[in-house]
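The values are calculated or read from the model by the stated rules, or taken from the named source; none is laboratory data. Computed from a predicted model, the values in this text were never measured in an experiment. With ideal geometry, Cβ positions are generated from the backbone for all residues, glycine too; neighbour counts draw on all protein chains shown.
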Amino acid sequence: MLQRLRESKSLQGTLLASPAMLWMIALLIVPLLLIVITSFGQRDPDGNVIYTFTFDNYIRLMGFSADCPDGVGTCFNSLYLEILARSVGLALVTTIFTIVLGYPLAYYVARAPAKRRNMLLFLILVPLWTNFVIRVYAWIRILRAFEMLYTPQAVLVGMVYEFIPFMILPMYTSLEKIDPSLYEAAADLGASSLRTFLKVTLPLSLPGVVAGTLLVFVPVMGTFVVSDILGGKQFVLVGNLIQRQFLDARDPTFGAAASIVLMGMTLIVMIIYTRKFGFGEEVVIT
Amino acid sequence: MLKSSRTIWMGVVLLVIASLVLTACGGGAAPATQAPTSTQAPAEKPTDAPQPTEAAMEKPTEAALATEAPPSGAFVSKPSDKVTSSGFVCPEPQHKLDVQSKELNLFVWTQYIPDDAIECFELIYGVQVNRKEYESNEEMYASMTGGSSIYDLVQPTDYIISLMIRQGLLQKLDQSKLPVLQSFDPNYLNLPFDPNNNYTIPYQAGTDAIVYNADTVKDPPKSYADLWKFVDEGQMVSLDDSRAIIGATLLTLGYDVNTTDEKQLAEAKTKLAELAKGIKLYDSSSPKSALIAGDVDLGITWTGEAFLAQQENPAIKYVYPSEGAILWQDNYAMPKDAPHSDAAYAWLNYTMQPDLFFLMLRDFPYTMPSRGALEFARDSDLTIKDADGNTLAAADLYQAYADSPITNTPPEALKQGHRIEDVGDALPLYDQIWTEIKQ
Amino acid sequence: MSNRRSPWLTLTAVLVYGFLYLPIVVLIIFAFNSSRQNVTFEGIVNRDPCGPFYWFCRVFQNQDALDASVNTLRIALTSTVIATVIGTMAALALQRHAFRLKLFAETSLYIPIVIPEIVMGIGILVLFNALFKFINTTFDLAPAQRLGLGLGTVIISHVAFSVPFVTLTVRTRLHSFDRAVEEAAADLGANAWTTFRRVTLPLIMPGVVAGAMLAFTLSLDDFIITFFTNGPGSTTLPIYVYGLLRRTVTPEVNALSTMWILVVLIALFASNRVQRRTS
């Protein structure tokens, strides 16, 4: 039995992955199935779910509803699509900013003397170990002094701040792995710093950037607390929408549909992104 | 590489040790048992004229009460030998109940119960009080409908109670076990959302109304409709509460605050979209901060916030709009499968008896529905300490409460006020309107 | 290029660090605020006891805050350890082994990253409650023994959302891993476990550590999921502080945060000092 274990890579793989998989199945798959089922349901006057099968929630999300102000036919209301677009836009801009600001820092730490690296890394995370509310409140005071409070720029600053460590960390892990002798080799071959960066560093650090993008883009799509506090709750994002459906509007079916759409979108983006930038193959350095 | 992991683990271990040390040093403040230093004379209550009429207004179910309650009209506060960590002398329970449970699980609003009250209950009854807190009724409702049966008491606001009753989340209160009901002001009992108080007992009440900074606002608003004059300045704060604000808009149009008529709601949406341009932020957590900091000059907020803002900046004023303010009331209710209901009844009777309930006047500036608590504070010689260690006289607390139109809502405002009720099917429509006007 | 780092790079790095620490500095300053409402800075507090450190001293009397801190730490440490172990295992499996359920595992591990927190929170709540109801009624437990929400349920949920982050980070590391080293070890006679322990693990350690730190950070500040899965008496710091918003976030909380930072920084520098001495 143990012999078979030793020989079968497939069996080893299953065993290694099973604790994680079981955890996910138990705590996520089951509730997720419930959410999917709920999204096809209807709402009763008290906000409970009537388990039927209807696409109404999805149709409403896409903007088509049967009731129109003038009471005629079906009409298009781009409200929810706008919200989705706003969330995507914020996620994109935040990701770009975190890459631009985070890459130099990740590079700096990765090339730092080995003794200092861990400390520098920790220093990046320490601010995140203070309390979230207090951090954001500190930003309120700073932004108030710059008269930027309750504006879209304030929201961006807050988002970039909260998520930049999640970009830096993965970028660091792949940058750190690059063999320093590669740099020497490139220099010996006469490459300029810029060329070395473009041809050696950047491609080899790409997995880190990809991972970082996922760790930033996706949560920003679904988050709303920072935008609420710094934006004065003026900007409705998908996260707000979903939260409101489950709490204030007591419309879990609509909230479930919005969640599925959000998850579907981000899942597709994730899968395409990771496939394209090759998470599957291993890079062999010759 | 191994060295780096060792660094990490050492760091973590040190962190853990440090936290444990922190906790050990911080270790619970042991209740002081020295003799009370503040002067305290048991308040002898003269038989007030109002008291007999109160007894007459009691429901027939109070017959059970008459046999065990002391003659109504005479409230005598008896100090016990227990003192809290802040130096407050715990009173003896007026009606001591027999409690077998060792714990009490409260599911309550954040920051809404005086620490002294919790400590006194724990000391007198020897029951450990566990709290889980929420920030909104909706959070509470979502947790409760999730199906857990570990809470003994919740504090729902009026509009959600009928819904909770319909969903079978609450159990009927045994009023024979609630002699404390006698000390309440009848204006807060037997309200439409819970006739006969079968399920709830009042806790605190308040209003949502207009607030403005007299220093920066030269032409103060007197009605909700006046707020539309301030759109261009864009310095308004609004509650992040679809029902209250859409409701206020409906009132300006002359409609009912709980309407489900789609045409009326469409009108309200158009009008509210106008106002939204002038709203700088929506805040249902702490709108006073923006007022105090000067980010905004005026807006809509609730009792407690307005009072605290005024404390920091006396130029801030609270105005009951001519259309009628929104009234609300927070109440205690008992979830259906409460595991420690005996402790819950003891809690209700003890923490809301006048000589303990009056602490709310010190800690939380809301409208007090307990007549007994107000009278006790007014007639008492008691002095207590506040959070910063300053000494306050109970009578002064009462005076501050009575003098402020914010906490002591004028009767006309109460009469004109409107209560939010559940709108059933129309709720998603309200929410959609709310989402749209924010765009 | 190897060790000569351009001054521009250093400058940029310093600026970004500055950006990261700007609110921290503000936070610490406000821990000395004399105004209880703590909205604007009104000068340095000077009250008995402890004078300017008034709020720091008051934290130690605030049993709620201390309890919440301890809970938070317990939850974060426990869930991080569990998540790191099973997350690393999963990363190894996904990156190196082809097995039948691989696609399913991959997708399911992405879910916690894409799922909105409130959906996950409510979903898990419903699950736990159904489970507890079943157990409580089947075994007819007395009220005092009934299973309910508490620290345990919070830890379990935190592991659930941390594992994917660990897996992702470790996979990044494994991705550019040169298997030649492992093959060399095998050639020298090491078995699979020894190779793993003495060759692979040390080499992927930065990834594992990064993953662990991510998991710890996520757990420390989690709010929504913790709200739905915790019970009375297991309040965490984020929930406690968020609750204070309704009334006042007094400088006490700033003081508490400042102390947290100090402890962490001291631990950091101390362990770095120790490491330097041993190397």
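Give me a count of the residues in the stretch C:145-186 that are in contact with a helix residue (DSSP H, G or I) (Cβ under 8 Å, 6 or more places away or on another chain) and in a helix (DSSP H, G or I).
The number of residues fulfilling the criteria is 28.
What single numbered condition from (1) more than 27 Å from C:Leu201 (Cβ to Cβ); (2) of a type outside the set (A, V, I, L, M); (3) within 14 Å of chain A (Cβ to nearest Cβ); (4) assigned to a loop (DSSP other than H, G, I, E, B) fails to hold for C:Thr72?
(4)
When you check C:Ile86 against the structure, is it in a helix (DSSP H, G or I), under 25 Å from the mean Cα position of the chain (by Cα), in contact (Cβ under 8 Å) with a residue 60 or more places away in the chain and farther than 17 Å from C:Arg171 by Cα, yes or no?
no
Tell me yes or no: at least one residue of the stretch A:112-120 is out of contact with any Gly (no Cβ under 7 Å at 6 or more places or on another chain), within 14 Å of chain C (Cβ to nearest Cβ), surrounded by 21 or more Cβ atoms within 10 Å (Cβ to Cβ) and of a type in the set (D, E, K, R).
Scanning the stretch A:112-120, I find no residue that is out of contact with any Gly (no Cβ under 7 Å at 6 or more places or on another chain), within 14 Å of chain C (Cβ to nearest Cβ), surrounded by 21 or more Cβ atoms within 10 Å (Cβ to Cβ) and of a type in the set (D, E, K, R), so the answer is no.
Only one of these is polar (S, T, N, Q), more than 24 Å from A:Ile124 (Cα to Cα) and either touching a strand residue (DSSP E or B) at 6+ places or on another chain (Cβ under 8 Å) or in contact (Cβ under 8 Å) with a residue 12 or more places away in the chain (or both): C:Thr167, C:Thr153, C:Thr236, C:Thr172. Name it.
Only one candidate qualifies: C:Thr153.
Could you say which residue among C:Asn33, C:Asn62, C:Asn71 is under 24 Å from the mean Cα position of the chain (by Cα), modelled with pLDDT under 90, within 29 Å of B:Thr110 (Cβ to Cβ) and not basic (Lys, Arg)?
Among C:Asn33, C:Asn62, C:Asn71, only C:Asn62 is under 24 Å from the mean Cα position of the chain (by Cα), modelled with pLDDT under 90, within 29 Å of B:Thr110 (Cβ to Cβ) and not basic (Lys, Arg).
Here is a check on your reading of the model: is A:Leu169 aliphatic (A, V, I, L, M), within 8 Å of chain C (Cβ to nearest Cβ) and either on the phi < 0 side of the Ramachandran plot or surrounded by fewer than 18 Cβ atoms within 10 Å (Cβ to Cβ) (or both)?
Yes; evaluated as a whole, the condition is true for this residue.
Which residue out of B:Leu239, B:Leu265 is modelled with pLDDT of 90 or more and over 26 Å from the mean Cα position of the chain (by Cα)?
That would be B:Leu265, the only listed residue that is modelled with pLDDT of 90 or more and over 26 Å from the mean Cα position of the chain (by Cα).
Could you check the stretch B:181-212 and list, in sequence order, the residues that are among the β-branched types (Val, Ile, Thr) and within 18 Å of the chain's Cα centre (by Cα)?
B:Thr200, B:Ile201, B:Thr207
I'm checking my understanding of the structure. Among residues of the stretch B:369-407 that are in contact with a Leu (Cβ under 9 Å, 6 or more places away or on another chain) and assigned to a loop (DSSP other than H, G, I, E, B), which one is surrounded by the fewest Cβ atoms within 10 Å (Cβ to Cβ)?
B:Asp386
Where the second residue is polar (S, T, N, Q) and the first is in contact (Cβ under 8 Å) with a residue 12 or more places away in the chain and lies in the stretch C:183-205, which pairs have Cβ atoms under 9 Å and are six or more apart or on separate chains?
Between residues of the stretch C:183-205 that are in contact (Cβ under 8 Å) with a residue 12 or more places away in the chain and residues that are polar (S, T, N, Q), the close pairs are C:Ala185/C:Thr194; C:Ala185/C:Thr195; C:Ala185/C:Thr200; C:Ile204/C:Thr88.
Kindly indicate which of C:Glu106, C:Glu42 is assigned to a loop (DSSP other than H, G, I, E, B) and at pLDDT 80 or above.
Only one candidate qualifies: C:Glu42.
Please pick out the residue among B:Arg362, B:Arg419, B:Arg378 that is of a type in the set (Lys, Arg) and within 30 Å of A:Phe235 (Cα to Cα).
Every option except B:Arg419 fails the conditions.
Could you list, in sequence order, all residues of the stretch B:216-266 that are crowded, with 17+ Cβ neighbours inside 10 Å and farther than 20 Å from B:Ser322 by Cα?
Correct list: B:Gln235, B:Asp240, B:Asp241, B:Ser242, B:Leu265.
C:Gly18 passes all but one of (1) more than 30 Å from C:Ala255 (Cα to Cα); (2) more than 8 Å from chain A (Cβ to nearest Cβ); (3) of a type outside the set (Val, Ile, Thr); which number fails?
(1)
Taking the stretch C:254-279 as the search range and keeping residues that are modelled with pLDDT of 85 or more and crowded, with 21+ Cβ neighbours inside 10 Å, which one is nearest to C:Ala65 (Cα to Cα)?
C:Leu256
Kindly indicate whether any position in the stretch C:124-132 is under 30 Å from A:Ile242 (Cβ atoms), within 9 Å of chain A (Cβ to nearest Cβ) and out of contact with any Gly (no Cβ under 9 Å at 6 or more places or on another chain).
So far as the stretch C:124-132 goes, yes, one or more of its residues are under 30 Å from A:Ile242 (Cβ atoms), within 9 Å of chain A (Cβ to nearest Cβ) and out of contact with any Gly (no Cβ under 9 Å at 6 or more places or on another chain).
Against the conditions (1) modelled with pLDDT of 80 or more; (2) not in a helix (DSSP H, G or I), where does C:Leu131 fall short? Just the number, please.
Only one criterion is unmet by C:Leu131, namely (2).
Residues being farther than 27 Å from A:Thr213 by Cβ, of a type outside the set (D, E, K, R) and not in a helix (DSSP H, G or I): count how many of those fall in the stretch A:132-163.
3
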